[in-house]
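Reading through the structure tokens given below for one structure.
The values are calculated or read from the model by the stated rules, or taken from the named source; none is laboratory data. For clarity, every value in this text was computed on a predicted model and none was experimentally measured. Backbone-built Cβ (ideal geometry, glycine too); neighbour counts: all protein chains shown. What goes into the accessible areas is simple: the full protein's heavy atoms, side chains included, and nothing from ligands, DNA or RNA. Shrake-Rupley method; radii C 1.70, N 1.55, O 1.52, S 1.80 Å.
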Amino acid sequence: MNPSAPRLPFDPSSRSRLTRRDLGRFPDGSLFHAIGRAVCEAECLPRKELFEAWEVARRVRRRFRGGRIVDLACGHGLLAHILMLLDDTSPRAIAADIRIPISAAKIAEAMVRGWPRIEGRIERVERRIEEVDVGPEDLVVSVHACGTLTDRVIERAVAASARVAVLPCCQDVRLCATGGLEGWLDPVLAIDVERAMRLRLHGYTVRTELIPHAITEKNRLLLAEPAAR
Ligand SMILES: C[S@@+](CC[C@H](N)C(=O)[O-])C[C@H]1O[C@@H](n2cnc3c(N)ncnc32)[C@H](O)[C@@H]1O
């Protein structure tokens, strides 16, 4: 990077791909910057996916340790990788998507190069959400599973009494339940509130958080675990 060039603001919500040109944006010794440098080397990841995955993963790991990670509708699968790095007591992870991007392999290679201890522990599979086995010790996660896909992720976790963390998006007021709350709440918010309440009805302890709005407007993080755990 030319040191005399003016530094443009680095918008974390940008969909531009991170490339080697961005390496200088991640200069320090922190884990986040190390991950940033790894994905820059892969030259395929939209910038916002790095920030989203990091912000979700660190909040999830504050609440939920261990367990097999089940990253549903995973896209590039970076979330599964970061969750493994943040807690090595998770033995393995499965990252499933109906259509895994070809470049997901580049992300996996870059992450394994940086952290060889995760080699062979994260399986990428082209599979529908409904086709992934989920067990009670698993940690089910999903970032931006569009519309009713988030509800299907929650259903899979509840059916297995597994812990779950979702960052919903594209709430569809025609297809997603609003719980009758749309008279008081913005319907999109009502859909997420109804999801939280549904999890409580299933005996889950629910926690709601936000990731920074500067990364995504779809920033509501819903974390839930069976109260009996
Ligand atoms: C908005 S993308 C999110 C990807 C990734 N989690 C992320 O945060 O970048 C939604 C993903 O859901 C996947 N998808 C759609 N329907 C699916 C299904 N029935 N089962 C599994 N994945 C599905 C798509 O292929 C896409 O990768």
Next item on the list: For D97, state whether it is open to solvent by 10 Å² or more (accessible area, probe 1.4 Å), among the acidic types (D, E), within 13 Å of the ligand (Cβ to nearest atom) and out of contact with any Pro (no Cβ under 9 Å at 6 or more places or on another chain).
Entry: yes
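Evaluate the following for A110: is it more than 22 Å from V60 (Cα to Cα), away from the ligand (no atom under 12 Å from the Cβ), open to solvent by less than 70 Å² (accessible area, probe 1.4 Å) and of a type outside the set (D, E)?
In short, yes.
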Next item on the list: Kindly indicate the residue of region 153-162 that is touching a residue at least 24 places away in the same chain (Cβ under 8 Å) and open to solvent by 10 Å² or more (accessible area, probe 1.4 Å) and also nearest to the ligand (Cβ to nearest atom) among those meeting that condition.
Entry: R156
Checklist line | Selected residue (criterion: farthest from R207 (Cα to Cα)) from residues of region 163-179 that are within 16 Å of the ligand (Cβ to nearest atom) and open to solvent by 50 Å² or more (accessible area, probe 1.4 Å) | finding: L175
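For residues that are of a type in the set (K, R) and exposed (fewer than 14 other Cβ atoms within 10 Å of the Cβ), scanning just region 113-127, find the one that is farthest from the ligand (Cβ to nearest atom).
Going through region 113-127, the residues of a type in the set (K, R) turn out to be 113, 117, 121, 124, 127.
From the residues that got through so far, the ones that are exposed (fewer than 14 other Cβ atoms within 10 Å of the Cβ) too are 113, 117.
Values: R113: 21, R117: 24 Å.
Per the criteria, the residue is R117.
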Notebook entry, point to check: If T150 passes every condition in (1) touching a strand residue (DSSP E or B) at 6+ places or on another chain (Cβ under 7 Å); (2) open to solvent by 10 Å² or more (accessible area, probe 1.4 Å) but one, which one does it miss?
Noted result: (2)
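For every residue, the table says whether it meets (1) part of a loop (DSSP other than H, G, I, E, B); (2) closer than 17 Å to A53 by Cα.
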| site | (1), (2) |
| --- | --- |
| A110 | no, yes |
| E123 | no, no |
| V134 | yes, no |
| A145 | no, yes |
| E155 | no, no |
Check: Are there any pairs, at least 6 apart or on different chains, whose C-beta atoms fall under 9 Å, with the first in region 122-133 and farther than 14 Å from L149 by Cα and the second more than 9 Å from the ligand (Cβ to nearest atom) and open to solvent by 100 Å² or more (accessible area, probe 1.4 Å), and if so, which?
Finding: I122/R92; E123/R92
Check: Is one or more of the residues making up region 145-162 over 30 Å from P91 (Cβ atoms) and hydroxyl-bearing (S, T, Y)?
Finding: yes
